[in-house]
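Q: I am attaching a structure below and will ask some questions about it afterwards.
Here, each number is a calculation from the coordinates, and none is a lab measurement. From a predicted model like this one, the values you see are computed outputs, not experimental measurements. Methodologically, a virtual Cβ is constructed for each residue, glycine included, from the backbone with ideal geometry; neighbour enumeration extends over all protein chains shown.
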Ligand SMILES: [Zn+2]
């Protein structure tokens, strides 16, 4: 992953983390707190609309992301910590899609942008250079346990005829195994869903503390089990909770008074 500045307008630019594993024909990125208009505690590029920030600020921040993305339209669903993936096609109304209860979007409509909103959960982007299809997934611990990665691959294979070995995957900034300590019920959920979770580094033991979960490691294993090649999976090592530069919004750090980051990808091809 590397940070690149994307010019918006009026001399403003938005820095985004981009993956070198996703082909350049797919415009994509993971946002940070930088480049928006919101005031603390949402400063400044808050892209979430339901956490108390003003609607005008969120709308301007989303406009900036849309311009930076180069997409014809940017879609986001109503995330519910499940594994449903909804297909987006040219002509779909973003205001209709945003009412769909889903944690994944997929499309092969050139120029259509798919996004997820996060603040500690994992934003996941998938691109298929062979079919020009792509997907954006939101995976917190519930969605990860429920098989969000598996569902994302299945949606691309079933809808667009993608082959898993062609897919490129990027896992963005999220709460890391350095900070994501959880109760025994959550540990039990991971161990039940993923036999060998401790040996595989999904559940991380810490001396004298609660166990911690490595969400990106669990998603990586799910993608590989679904047929994605290890060398086609790119994972950020950034932790939204303890980033030294404070670049990210974190639900755990801020309670409910937090903004949201976005991960987005734009379907490739002629537009
Ligand atoms: Zn951390």
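Q: Give the whole-number value, in cubic angstrom per residue, of the convex hull volume spanned by the C-alpha atoms of region 209-269.
A: Convex hull volume per residue, Cα atoms: 164 Å³.
Q: Using just the Cα positions, wrap region 149-256 in a convex hull and report its mean projected area in square nanometres, one decimal place.
A: With every direction weighted equally, the projected area is 8.3 nm².
Q: Provide, as a two-decimal number, the C-alpha radius of gyration of region 86-176 over 2.2 N^0.38 Å, N being how many residues it has.
A: 1.03
Q: So what is the relative contact order of region 86-221, in percent, for Cα pairs below 8 Å that sit 6 or more residues apart? All intermediate terms of the calculation are to be shown ahead of the outcome.
A: Details: 213 pairs, mean separation 27.5, N = 136.
Relative contact order comes out at 20 percent.
Q: Could you work out the Kirkwood radius for region 1-153, taking every pair of different alpha carbons, averaging 1/r and inverting it, reported in Å?
A: After inverting the pairwise mean of 1/r, the radius is 15.8 Å.
Q: Could I ask something else about it? Using label points projected 7 Å from each Cα along Cα→Cβ, tell me how many nm separate residue 191 and residue 209, to one decimal.
A: So the label points at residue 191 and residue 209 sit 2.0 nm apart.
Q: Just from its helices, what would the mean residue ellipticity at 222 nm be for the chain, if runs of 4 or more DSSP H residues each count -39500 (n - 2.57) and the sum is divided by every residue, rounded to the nearest 500 deg cm²/dmol? Don't skip to the answer; put the middle values down first.
A: Details: 7 runs with 63 residues, N = 271.
Mean residue ellipticity, 222 nm, calculated: -6500 deg cm²/dmol.
Q: At 0.36 nm per residue, and after removing the present C-alpha to C-alpha distance, how many nm does the segment from residue 199 to residue 179 gain when stretched out fully?
A: Additional length available on full extension: 5.3 nm.
Q: Based only on Cα atoms, what mean projected area does the convex hull of the chain have, in nm²?
A: 13.6 nm²
Q: Per 10 Å bin from zero, what fraction in whole % of the C-alpha pairs of region 65-119 is there, up to the bin with the longest pair?
A: 25, 58, 17
Q: Sticking with this structure for a sec: Got the relative contact order for region 1-56 handy, in percent, Cα pairs under 8 Å and 6 or more residues apart?
A: 22 percent
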